[in-house]
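The values are calculated or read from the model by the stated rules, or taken from the named source; none is laboratory data. Keep in mind the model is a prediction, meaning the values are calculated, not measured. Cβ: placed from backbone, ideal geometry, glycine included. Neighbour counts: every protein chain shown. Just so you know, the surface numbers come from the protein's heavy atoms only, side chains and all, with ligands and any DNA or RNA stripped out. Shrake-Rupley method; radii C 1.70, N 1.55, O 1.52, S 1.80 Å.
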Amino acid sequence: MTRKTRKAARYVRRSRWKTLALVVAVVGTLALGLAACGGDETAEPAAPPAEPAPAEPAPAEPAPAEPAPAGEEPPAEGADEATATREKVQATLADLVAQEGSADVKSEWPAITESSCYPPATKPDGPLKVGYAYAGRANTWQVQNGDGGVWFLENHPDVGEVIATDGEENPDKQISDIQSLIAQDVDLLVVNPATTAVSPAVQQACDAGIPVVVYDRFVEPDTNITASIYADEVQDGYNCGTSIVEALGGEGNVVLLGGIPGIGVTEDRMAGARQAFEEAPGINILAEGYSDFDPAKGRQVTEEWLQAYDQIDGLWSDSGIQAVGAIGAIEEAGRLDEFKMIAGGQFNHFLRLWSELGFTGCGSTISSDVGLLASQLGIDIVRGRYLPTENIPGPLVVISQDTLADYYRPDLPDSYWATDHLPDSLLQEIYANQ
Amino acid sequence: MERPASADEIAAGSPPSETGPALPQPTPTTSTIVERIGLHTLRRALGVWIGLVGLVIVVAILEPSLIEPDGLRLLLRQVSIIGLLAVGQTIVMLTAGIDLSVGSVVAVVNWVAASLLVGQNSNNIKVIPLCLGIGLFVGLVNGVGIAKFRVPPFVMTLGMLFVVLAAGQWYTNGVTTGAASEGVIELGQGYLGPIPNSFILFIGVAALAYGLLKLTPYGRRVYAIGANPRAAHLAGVNTDRVLIASYALCGLTAALGGLVLTGFIGFGATTSGQGLELEAIAAVVIGGTALAGGRGSLVGTVGGVLFLGLLFNLLVVTDIAQFGRLIVQGVAIILAAAIYSRGWKGG
């Protein structure tokens, strides 16, 4: 199968309004055995396929010679959009680089020490061949992050070829993805590991002298890498914690609704929130609970809290997903006015409820465009422009009452995650058909 | 010990078979009537209901608001999703099987329902049957794999857990959208008088399944296969057909659970359904159904579902740290299993 037909297959998968010719081409492709990959939108959901979708088909030229997938946009506009996005990403990255090493070093972060990929070989000129190994497409945060990074690299002037791989949340799959990228001799590997089990493959890439930028999820701490972008999740939890303390005037009862018990992200964020509340002597933590990031469980736990406690002034949760369930319970109990602040994340559904129901909110999360920042960081490193000596802090964005309107997108589905850097045409493409 | 099924009971209602001896039907006596509608098995289920009464007393002392009318309404609504899953799971576990794929069915039904209902009641008539069809289809695949291809139930349904979830992710491509219709929301959140609609559905389905298990030849065969599959086979029971039907029913109740969950939260969420299969299995075990099959009843399962739901709610509003809560829940399950297998000889 040629590179061109694979590319066509990918575009069709992403948007419904393709030309008949492309659809026919895809049907032919499906017949050739890529049924699961094709994602034919008309397929009957009642007859699920027997296998998960295979890897993101990959090689793609940087600036597509053919018209951009969003047919209604002239190419010039797309180029402008790419330039504008890149400038924003570079500005954000500069801010983050300035804070390099500011976060308390966490034991799970890989230390950056001298190795085969640090300091890395630089390539000052010529188009780069970049491997982009994202973790999977299990939720829209991951989809935005994965597709966003691919789009960013494909439209980057320094990049000649992007080989993107979908780890399918499966370390075995991602290990072979990365080994294949090593074999294809990429100039840079940007990786969001599905789990720490991917570490040996990351180490192999480093041993092969390929600069490796790891972001969002962890590799084993003794893995050699070139650079990392990890968010200070304690700070993330602390941010909306202090907002709640302010909104309550330093006094009142709060509840903490976390995601998955025992995992680093949730526990760190809860530790940050707890710290904010403990700094304010008038704040009383009534209860802490967990939701597994499941709105149904978030709702159930909140229903019981409302049943057991007569006065709750603030709800802190570490993601907007379970906050949506919690708000359903609060609204049904008719006690929305009682809450001086409800904190969630950047989940569009949460932002919609915040906007429509008119409570006072706070939204804090690591931005879902961190893949773009990691890609730009990697390119800067390979070009010899910059070499970090410590972890670069991930982009923590706090949405307040004042900035809600900038982040809430009524035109996008509830499952969208507010972001600073993803271009509109890409978002429309990801959320097409919805 | 449960009374072992006799050959004539196993074969009752089944066509005369060449291998099974034609035995005379016993004349009905009081004791056989009691046995026929399954009252004798209720002694086994009594354990969990005694435990539930004990738990209610503890809750009344520690946190009485949870069992005030408002608290009870919430409890009954919350347990309905797990309850529906547990009904199907009970049937499957009575055949000495297990179904680990029900959580994935809930997730996929949630995603498909929300994306196709898009908040419109007019879509109910198409989407609800489609969702039930998904559950039925997954159950049939499970049943065929287990009965015809002799894949162990644990392995078959564990595989389907991943296959179904991946199929759902392929369908959504990671982007869940849409919203439940008013009708489905009414099912998941609404009340008929003081009773949640979803609880009425759960109890109705449980009652139907109880009747199916206790009053029909199919039900007797389910127990027979669980107690001794070889004996059941020799007695002329078409074990394959019974197994396939049981897994299909389990898939169907899981799909109902998925619809109720969709109404309860009102939209499709990527995290829906995860781990629900284990909660349902825990409720069935606490309700006294043996993992080895052949023993147990839906009366126990309903008690187990209420027990776990109330225990969870009590723990949520107590000062115990999360790991402590999980330990308490785990110990409750182990204790129940230990009591059933050693101390509690009822039934």
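The set of residues in segment A:380-412 that are of a type in the set (A, V, I, L, M), over 18 Å from residue A:344 (Cβ atoms) and either open to solvent by 20 Å² or more (accessible area, probe 1.4 Å) or outside any strand (DSSP E or B) (or both) comprises A:381, A:382, A:387. Taken across segment B:259-279, residues that are of a type in the set (Gly, Ala, Ser), more than 14 Å from chain A (Cβ to nearest Cβ) and closer than 13 Å to residue B:85 by Cα do not occur at all.
Of all residues in segment A:78-115, those satisfying the criterion of being surrounded by 16 or more Cβ atoms within 10 Å (Cβ to Cβ) and part of a loop (DSSP other than H, G, I, E, B) are A:103, A:109, A:110, A:112.
If you go through segment A:116-138 and keep only what is part of a loop (DSSP other than H, G, I, E, B) and either closer than 28 Å to residue A:235 by Cα or among the basic types (Lys, Arg) (or both), you end up with A:123, A:135, A:136, A:137, A:138.
What are the residues in segment A:253-292 that are small (Gly, Ala, Ser) and either in a helix (DSSP H, G or I) or within 11 Å of chain B (Cβ to nearest Cβ) (or both), if any? Lay out the reasoning, then the answer.
Initial filter on segment A:253-292 (small (Gly, Ala, Ser)): A:258-259, A:262, A:264, A:271-273, A:276, A:280, A:282, A:287, A:289, A:291.
The answer is A:258, A:259, A:262, A:264, A:271, A:272, A:273, A:276, A:287, A:289, A:291.
Do you know which residues across segment B:85-118 are in a helix (DSSP H, G or I), away from chain A (no Cβ under 13 Å) and under 10 Å from the mean Cα position of the chain (by Cα)?
Step one: of segment B:85-118, the residues in a helix (DSSP H, G or I) are B:85-94, B:102-117.
Filter again for away from chain A (no Cβ under 13 Å), leaving B:86-94, B:102.
Hits for segment B:85-118 are B:86, B:87, B:88, B:89, B:90, B:91, B:92, B:93, B:102.
Selection of segment A:293-316 for residues being closer than 22 Å to residue B:273 by Cα, in a helix (DSSP H, G or I) and not hydrophobic (A, V, I, L, M, F, W, C) yields A:295, A:297, A:298, A:299, A:300, A:302, A:303, A:304.
Going by what's in this entry, would residue A:354 be described as modelled with pLDDT of 90 or more, within 14 Å of chain B (Cβ to nearest Cβ), closer than 21 Å to residue A:236 by Cα and crowded, with 19+ Cβ neighbours inside 10 Å? Lay out the reasoning, then the answer.
Values: modelled with pLDDT of 90 or more: yes; within 14 Å of chain B (Cβ to nearest Cβ): no; closer than 21 Å to residue A:236 by Cα: yes; crowded, with 19+ Cβ neighbours inside 10 Å: yes.
No; evaluated as a whole, the condition is false for this residue.
Can you tell me which of A:295, A:221 is touching a residue at least 12 places away in the same chain (Cβ under 8 Å) and away from chain B (no Cβ under 14 Å)? Break it down stepwise before answering.
Numbers: A:295 fails: away from chain B (no Cβ under 14 Å).
Unique residue meeting the criteria: A:221.
Can you confirm whether residue B:96 is open to solvent by less than 10 Å² (accessible area, probe 1.4 Å) and in contact (Cβ under 8 Å) with a residue 24 or more places away in the chain? In short, no.
For segment B:127-186, the candidate set comprises residues that are more than 12 Å from every other protein chain (Cβ to nearest Cβ) and closer than 24 Å to residue A:416 by Cα; within that set, the residue that is most open to solvent (accessible area, probe 1.4 Å) is B:182.
Select from segment B:289-300 the residues that are within 12 Å of residue B:86 (Cα to Cα) and either open to solvent by less than 10 Å² (accessible area, probe 1.4 Å) or facing chain A (nearest Cβ under 9 Å) (or both) and list them in ascending order. Steps first, please.
The first filter runs over segment B:289-300 and keeps only residues within 12 Å of residue B:86 (Cα to Cα), leaving B:289, B:297-300.
Once the filter is applied, which keeps residues that are within 12 Å of residue B:86 (Cα to Cα) and either open to solvent by less than 10 Å² (accessible area, probe 1.4 Å) or facing chain A (nearest Cβ under 9 Å) (or both), segment B:289-300 yields B:289, B:297, B:298, B:300.
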